[in-house]
1. For labels at ALA271 and ALA77 in the simple 7 Å Cα→Cβ model, what's the distance in nm?
2. Test of understanding: ordering THR235, THR23 by Cβ neighbours within 10 Å, fewest first, what list do you get?
3. Give the order of MET24, MET136 when sorted by the count of other beta carbons within 10 angstrom, beginning with the fewest.
4. Give me the distance in nm between label points sitting 7 Å out from Cα along the Cα-to-Cβ direction at SER39 and SER27, one decimal.
5. Averaged over every viewing direction, what's the projected area of the C-alpha convex hull for the stretch 177-272? Give it in nm², one decimal, please.
6. For the pair THR186/ARG100, report the inter-label distance in nm, with labels modelled 7 Å from Cα in the Cβ direction.
7. With 32 Å as the limit, write out which pairs from LYS47/LYS277; LYS234/LYS277; LYS44/LYS208 have Cα-Cα distances beyond it, or answer none.
Amino acid sequence: MSISVVFEDNHVVIVNKPAGLATMGTSPTEPSLARDVQSYLKRKYNKPGNVYLGVVSRLDSVTSGLVVFAKTSKAAARLTNQFRERTVVKWYLATVPSVRGPWLEQRHALPESAWFDSAQIFWQDTVWKDDSAQRMRVRQADMPTKPAGNLRKLDESGEDAQLAQLTWRVLGRGPAYDLVLVRLLTGRKHQIRVQFAERGFPVLGDRKYGSRVAFGQGIALHSWRLELEHPVAKTKLSFFQEPPQSWSGLDAIHVEPDVPHQAKGEIRPLALCRFLKNHLLPGSLG
């Protein structure tokens, strides 16, 4: 299978994963992005034996976008440490049912250093993995009430739970759904999917978490931008990847007034994503 390489050097290869393909296979015969990248490297460099590939980031099979692999064990260890220490900046795009009400009152406490921060919303939950249902669940959720938020207990399970944190903001609004930009502060399994679904806003196409809308081969969730340090050169690397063509079928949205976009009125989400990719300067997202 052909792959879309966004960046490659002697140490790192960054790939645009299509929706519907697992990052790693659970069996030797199962298709996966990792196997496709190994085959690509084997062909490109005419390697006779097994090709080393370190999987340092993952996306759900239904999610598209940027995935990072290491070509050496040294690079793998250093990149894995960056993800573990949460120094990698991860931005996702998602389309969800229109968000209204008290959710928009939960502002993040960080200084407003960029246009994103001016409307940034912070969510913090405690999540755990339900192996029997093959999904994540929320044990405790920071659920807003008026005038202040409270921590509502949802589950008394004894399963191990982890803190899940993210920030997000609305880029554009439509009659039925919003286009949102999400920054992951932690990296829990299915994190964006379960945190939005818990509040009644499942990602479009995400049947597992309550969406009743079909969306191509996957769901309307895309790993859009990554910022990390090169594992050897120590330089800052920043990458954008626009969503797949399946997003072109989404209805037009009204761009939020403070989003840096020149168009007025309605625009399709994919066109807005392309504009932001081409016009946002490195570091402008905070």
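Throughout, read-outs are computed from the coordinates displayed, never taken from laboratory work. Treat the numbers as computed from the prediction; the structure is a model and nothing was measured. Cβ coordinates were reconstructed from backbone atoms using ideal geometry, including for glycine residues, and neighbour counts include every protein chain displayed.
1. With each label placed 7 Å out from Cα toward Cβ, I get 5.1 nm.
2. Ascending number of Cβ neighbours within 10 Å: THR235, THR23.
3. MET24, MET136
4. Going from the SER39 label point to the SER27 one covers 1.8 nm.
5. Mean projected area of the Cα convex hull: 8.1 nm².
6. 3.1
7. LYS47/LYS277; LYS44/LYS208
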